[in-house]
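Below you'll find the structure, written out as C-alpha cells, and then a few comments.
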Amino acid sequence: MVMRPQSRLSFKWPIFNLQMHHTWKNYVIMSIELARAQLERGAAMHRTNQFGLAQSHYESAVKLDPNNADAWHLLGLAAFQLGIFAKAVKHLSKAVKVRPDFAEAWNNLAIALKSKALQSSNALQTSKALQSSKALRSSGANACELDAAKAAFAQAMGLRKNYVEAAHNLGILLEVMGDLSGAQAAYRTALSWR
C-alpha cells in the first residue's frame, strides 16, 4: 500500500491594498449620495401625490443604502397611501429597526398596523368601524396587530415629549378596539399637550 501525502490547503494572507480601501470607501460614499438623490426625487413625486413613482425612487434608495431609515419610512408611507398596508407595515418596521428612536416612524407603523387589521377584517374605515369593534377583538390575528399598534403608539409617545398626534391616534385606536375609557384618557392627554 502506497501512502500518498495528504493535500494541504494553501492560503496566503491578503496584502492590504490602500488604493483598494479608498476605492471601496468611495463606492460606499457614492452609494449614499445616489440614495439621497433617489430619496429627493421620490419626495418630489410624493409631494405631487404620485405615490407609485415615489415608491420606485424610495425602493432604489433603500437598495443603495439599506441603513437609511428615512428611505424606509417614506417607502412605507408611499405603500400606505397606495393602500398596500402589509408592505407599509414591513417597510415601517424596517425604518424603526434601523433607527429605534424614530418617533414619526413608530407613529406611522402603528397607523399602518391598525389599517391592516381593519382591512383584513373587512371593517369600514369610517364611523361604522366602531360597530365592528367586537369582531376586531375576536379575531386573533387582528388583535395581535391592534396590540402591536397600541405598543407602537406608546413607543412614539415615549420617544417624543408631548407627541399630540400619537396620543390622538392612540385614542382613535382604543376607540376602535372598544376601550372607550382608554380612548378618553388618550384624547385628554392629547388635549393637555396642545
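The values are calculated or read from the model by the stated rules, or taken from the named source; none is laboratory data. No experiment lies behind these values; they were computed from the predicted model shown. Because the Cβ atoms are built from the backbone with ideal geometry, glycine has one as well, and the counts that use them run over all protein chains shown. Ligands, DNA and RNA are stripped out before the accessible areas are found, and what is left, the full protein with its side chains, is counted by its heavy atoms. Shrake-Rupley method; radii C 1.70, N 1.55, O 1.52, S 1.80 Å.
Tabulated data
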item: Among residues of the stretch 10-58, those that are among the aliphatic types (A, V, I, L, M), part of a loop (DSSP other than H, G, I, E, B) and at pLDDT 50 or above, counted; result: 0
item: Residues satisfying the stated conditions in the stretch 29-43, i.e. under 23 Å from residue 107 (Cα atoms) and open to solvent by less than 40 Å² (accessible area, probe 1.4 Å); result: 39, 42, 43
item: Hits in the stretch 52-62 - residues which are among the hydrophobic types (A, V, I, L, M, F, W, C) and open to solvent by less than 40 Å² (accessible area, probe 1.4 Å); result: 54, 61, 62
item: Qualifying positions in the stretch 161-175 - over 13 Å from residue 108 (Cβ atoms), in contact with a helix residue (DSSP H, G or I) (Cβ under 8 Å, 6 or more places away or on another chain) and either open to solvent by 70 Å² or more (accessible area, probe 1.4 Å) or outside any helix (DSSP H, G or I) (or both); result: 162, 168
item: Where a residue in the stretch 59-86 is free of Cβ contacts under 8 Å to residues at least 40 places away in the same chain and β-branched (Val, Ile, Thr) and its partner, wherever it lies, is open to solvent by less than 60 Å² (accessible area, probe 1.4 Å) and outside any helix (DSSP H, G or I), with Cβ under 7 Å and at least six apart; result: 62/68
item: Residue among 83, 76 that is over 17 Å from residue 159 (Cα atoms) and open to solvent by 10 Å² or more (accessible area, probe 1.4 Å); result: 83
